[in-house]
Amino acid sequence: MSLNPPHPSPRRTVSLTVLIVVIVLVAGAAVGTTATYYALHPRGTGSSGGNGTTTVIDDLGRSVTVPLHPTRVVVLGSSIVDSLVLLGLRASIVGVDCSSSAFGGILGDYTPAQVAEWNLSGGMCITAYPALDPPQILNLSPQLILAASIVSESAMESFQATYGIPVVFLAPSTIGGITYDVQVLNAIFLTGSTGIHLVQKLQRTIQQSAGFVTNLTDNGTALRSILLTYYVVPSGGYAGYSTFGPGSFGQSLIDLAGGVNIAGGTDQGQYPSLSGGQVLSANPSVIVAGYGFGVTNSTYATGPDWSSLPAVIHGNVSYVDVTLMTEADPSMVFWIPTLAHLLYPGVPFA
């Protein structure tokens with residue numbers, strides 16, 4: 001569900017310096033993802049012959065044989081829809097993940113803007129939360145299922161074994177992995193120049209971010225601290241600001257934009273909640289808050305110690321579509337220059 005952050009598999013957290021070196025080396029090799037990622041997920045999508053299928057390696061390291069250019073696809077994960085739309089493949093999507101009606105239906109998993117922009121409807125719903133509904137998938141007669149981390153790996157593998165419908169997991173564990181997933185989609189859908197251009201744009205953005213951070217440090221610019229928050233609980237025992245800790249996508253976004261994450265040293269895991277007192281003590285230079293799924297700009301104003309935060313007092317708060325920081329897709333990568341601008345308004349990104 002989009003309200004929740006992406007849940008990447010555990011991976012080693014690298015320092016900003018190492019991250020930059022890896023990105024520069026990879027971008028120079030025109031691969032567009034980290035060496036570690038490709039070590040875990042071997043490149044290679046090869047034709048299985050002249051029978052209209054191809055074999056890809058998904059993000060779980062599974063080798064999956066799929067039909068070439070399928071026209072009926074069920075997508076369980078809004079991040080995957082983003083990639084397909086950017087590749088011009090919206091017409092191939094016949095079903096998408098939704099919450100049960102008690103949890104908001106399609107608007108439990110997609111924002112109103114996504115529903116409108118991507119032309120989604122309740123008739124496309126596959127209930128994925130709180131539990132997956134396989135008959136709804138079968139009723140749509142899909143040729144392929146593309147799944148993110150919102151669904152159970154074991155459940156989908158069982159579904160594939162039972163019904164013979166291939167399932168490809170696209171759940172990247174790194175920013176560079178987003179590029180890899182687009183390459184997988186290119187191999188399946190034969191997107192040609194459209195896919196090539198999207199991959200090149202992703203690679204270029206990541207490479208530019210490395211140069212941007214290098215310029216900041218070379219010029220002696222003081223790196224600015226940031227609270228990147230996607231949800232707030234105003235009061236009660238769980239009051240606080242949901243944010244991103246070490247090893248999370250949010251941490252990677254902050255690193256690539258040249259910021260210092262105030263939750264970067266937390267021992268609360270990848271997705272901690274910081275109390276008002278903790279945020280006050282950290283005193284972030286900038287706050288970027290995500291709206292959507294029932295959270296609005298005014299919701300943050302009711303958050304603990306909000307009006308006392310220096311960033312709020314001095315007007316250094318920006319509100320953005322929460323999916324830009326919680327959904328691991330090309331739009332997340334393309335948001336990095338904007339995040340860099342929010343941190344360093346007077347410094348050119350490229």
request  = Answer yes or no: is there a residue in segment 144-157 that is over 22 Å from the mean Cα position of the chain (by Cα) and either crowded, with 20+ Cβ neighbours inside 10 Å or at pLDDT 95 or above (or both).
outcome  = no
query = Would you call Trp306 within 30 Å of Gln200 (Cα to Cα), aromatic (Phe, Trp, Tyr), at pLDDT 95 or above and buried (at least 17 other Cβ atoms within 10 Å of the Cβ)?
reply = no
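So which of Pro142, Pro135 ends up being assigned by TED's automatic domain parsing to the domain that holds Gly195 and in a loop (DSSP other than H, G, I, E, B)? Walk me through how you get there before you give the answer.
On the way: Pro135 fails: in a loop (DSSP other than H, G, I, E, B).
Result: Pro142 is the single residue among Pro142, Pro135 that is assigned by TED's automatic domain parsing to the domain that holds Gly195 and in a loop (DSSP other than H, G, I, E, B).
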note = Of the residues in segment 109-132 that are assigned to a loop (DSSP other than H, G, I, E, B), in contact (Cβ under 8 Å) with a residue 24 or more places away in the chain and not hydrophobic (A, V, I, L, M, F, W, C), the one that is nearest to Phe159 (Cα to Cα) is Pro130
query = Do we find a residue being touching a Leu at 6+ places or on another chain (Cβ under 7 Å), polar (S, T, N, Q) and surrounded by fewer than 23 Cβ atoms within 10 Å (Cβ to Cβ) anywhere in segment 331-341?
reply = yes
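Only strands (runs of 3 or more DSSP E) wholly contained in segment 214-286 count here; list those with 2 or more residues that are not hydroxyl-bearing (Ser, Thr, Tyr).
Numbers: elements: 225-229, 231-233, 240-242.
Output list reads 225-229, 231-233.
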task = Go through segment 270-294 residue by residue and tally those that are crowded, with 20+ Cβ neighbours inside 10 Å and closer than 25 Å to Tyr110 by Cβ.
result = 7
Residue ID - modelled with the lowest pLDDT, chosen from residues in segment 79-98 that are in contact with a Ser or Thr (Cβ under 7 Å, 6 or more places away or on another chain) and either in a loop (DSSP other than H, G, I, E, B) or under 17 Å from Gln136 (Cβ atoms) (or both) = Cys98
task = Test Thr243 against the stated conditions and say whether it is within 23 Å of Pro284 (Cβ to Cβ), in the same structural domain as Met332 (by TED's automatic domain parsing) and touching a Leu at 6+ places or on another chain (Cβ under 8 Å).
result = yes
task = Name, by its number, the condition in (1) of a type outside the set (A, V, I, L, M, F, W, C); (2) without any contact (Cβ under 8 Å) to a residue 24 or more places away in the chain; (3) touching a His at 6+ places or on another chain (Cβ under 9 Å) that does not hold for Tyr271.
result = (2)
key: Among the candidates Tyr238, Tyr291, residue that is within 27 Å of Gln114 (Cα to Cα) and either of a type in the set (Asp, Glu) or touching a residue at least 12 places away in the same chain (Cβ under 8 Å) (or both)   = Tyr291
task = Kindly check whether there is at least one residue in segment 311-329 that is crowded, with 21+ Cβ neighbours inside 10 Å and touching an Asp or Glu at 6+ places or on another chain (Cβ under 6 Å).
result = yes
ask   = What residue, of Gly195, Gly176, Gly247, Gly259, is within 30 Å of Ile57 (Cα to Cα), in contact (Cβ under 8 Å) with a residue 60 or more places away in the chain and touching a Lys or Arg at 6+ places or on another chain (Cβ under 7 Å)?
value = Gly247
query = Here are some residues: Gln160, Gln114, Gln143. Which one is farther than 18 Å from Val56 by Cβ and out of contact with any Cys (no Cβ under 6 Å at 6 or more places or on another chain)?
reply = Gln114
note = Selection from segment 196-220 of residues within 21 Å of the chain's Cα centre (by Cα) and of a type in the set (Gly, Ala, Ser) yields Ser209, Ala210
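Quick grid of which residues meet (1) closer than 18 Å to Val151 by Cα; (2) among the small types (Gly, Ala, Ser):
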| position | (1), (2) |
| --- | --- |
| Val56 | no, no |
| Asp59 | yes, no |
| Val64 | yes, no |
| Arg72 | no, no |
| Ala91 | no, yes |
| Pro112 | no, no |
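The values are calculated or read from the model by the stated rules, or taken from the named source; none is laboratory data. Note that the coordinates shown come from a computational prediction; the quantities given were computed from them, not determined experimentally. Heads up, the Cβs are rebuilt from the backbone with ideal geometry, glycines too, and the neighbour counts pull from every protein chain shown.
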